[in-house]
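The values are calculated or read from the model by the stated rules, or taken from the named source; none is laboratory data. Quick caveat, the model's predicted, so the values are computed rather than measured. Every residue, glycine among them, receives a Cβ derived from its backbone with ideal geometry; neighbour counts consider all protein chains shown.
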Amino acid sequence: MQGGRQQRVADQIQRELASFIQLELKDPRLNMVTVSGVDVSRDFSYADVYVTFMTSNDNEEAKELVGVLNNASGYLRKLLGKAIKLRITPNLRFHYDATLSSGAKMNVLIKKALEQDQHQHSDSHSASDIDTQKD
């Protein structure tokens, strides 16, 4: 849990990085990146930046894109230092946020389970209808 100032700084870093990634980085693989969250260390020396990729459902591709962002972290930190006036500009560490893809997988599994349940439920009704017709 972050304190009030830490959360405000994290929110500001999230907004600025989202803008910098879209406007300043020229890598076409990064055009559909969403900064989903930022956690700032207590002393503001590090910021863990969580990102999702709308174009990637593959963990290997996501790891590659996170590597691209980590390679650009020095440049992004420099831009961040100019945009946000802090005594220390945090070192940026990018991480893939798998909650979006996990949520989509869970949604598919729930939908499949509901369809199977309805199918089994309709089969049991049709079997009981046949039994009542025999009587």
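What is the residue count in segment 37-72 for residues that are closer than 13 Å to Asp97 by Cβ and touching a residue at least 12 places away in the same chain (Cβ under 8 Å)? Before you say what the answer is, go through the steps one by one.
Initially, segment 37-72 is screened for residues closer than 13 Å to Asp97 by Cβ, giving 37-39, 48-54, 56, 59, 62-63, 65-66, 69.
With the extra rule that they be touching a residue at least 12 places away in the same chain (Cβ under 8 Å), the set shrinks to 37-39, 48-54, 59, 62-63, 65-66, 69.
The qualifying residues number 16.
Under 6 Å between Cβ atoms, which residue pairs at least 6 apart in sequence (or on different chains) link something in segment 14-36 that is in contact (Cβ under 8 Å) with a residue 60 or more places away in the chain with a partner that is of a type outside the set (S, T, N, Q) and assigned to a helix (DSSP H, G or I)?
Partner pairs satisfying both residue conditions: Glu16/Leu80; Glu16/Ala83; Phe20/Leu76; Phe20/Leu79.
Take the conditions under 12 Å from Phe94 (Cβ atoms), not assigned by TED's automatic domain parsing to the domain that holds Lys105 and not acidic (Asp, Glu) and apply them to Lys63. Does it pass? Write out each step before concluding.
Numbers: under 12 Å from Phe94 (Cβ atoms): yes; not assigned by TED's automatic domain parsing to the domain that holds Lys105: yes; not acidic (Asp, Glu): yes.
Spelling it out, Lys63 is indeed under 12 Å from Phe94 (Cβ atoms), not assigned by TED's automatic domain parsing to the domain that holds Lys105 and not acidic (Asp, Glu).
When you go through (1) of a type outside the set (A, V, I, L, M); (2) touching a residue at least 24 places away in the same chain (Cβ under 8 Å); (3) surrounded by fewer than 16 Cβ atoms within 10 Å (Cβ to Cβ) one by one for Lys85, which number turns out not to apply?
Unmet for Lys85, out of (1) of a type outside the set (A, V, I, L, M); (2) touching a residue at least 24 places away in the same chain (Cβ under 8 Å); (3) surrounded by fewer than 16 Cβ atoms within 10 Å (Cβ to Cβ): (2).
The conditions are (1) surrounded by 19 or more Cβ atoms within 10 Å (Cβ to Cβ); (2) at pLDDT 90 or above, and Phe53 fails exactly one of them. Which is it?
The failed condition is (2).
Are any of the residues in segment 12-30 surrounded by 12 or more Cβ atoms within 10 Å (Cβ to Cβ), among the basic types (Lys, Arg) and in contact with a helix residue (DSSP H, G or I) (Cβ under 7 Å, 6 or more places away or on another chain)?
yes
Any residue at all in segment 25-38 that's modelled with pLDDT of 85 or more and within 15 Å of Gly81 (Cα to Cα)?
no
If you check Leu114, Leu69, which single one turns out to be surrounded by 10 or more Cβ atoms within 10 Å (Cβ to Cβ), of a type outside the set (Asp, Glu) and within 17 Å of Gln14 (Cα to Cα)?
On the way: Leu114 fails: within 17 Å of Gln14 (Cα to Cα).
Leu69 is the lone residue from the list that is surrounded by 10 or more Cβ atoms within 10 Å (Cβ to Cβ), of a type outside the set (Asp, Glu) and within 17 Å of Gln14 (Cα to Cα).
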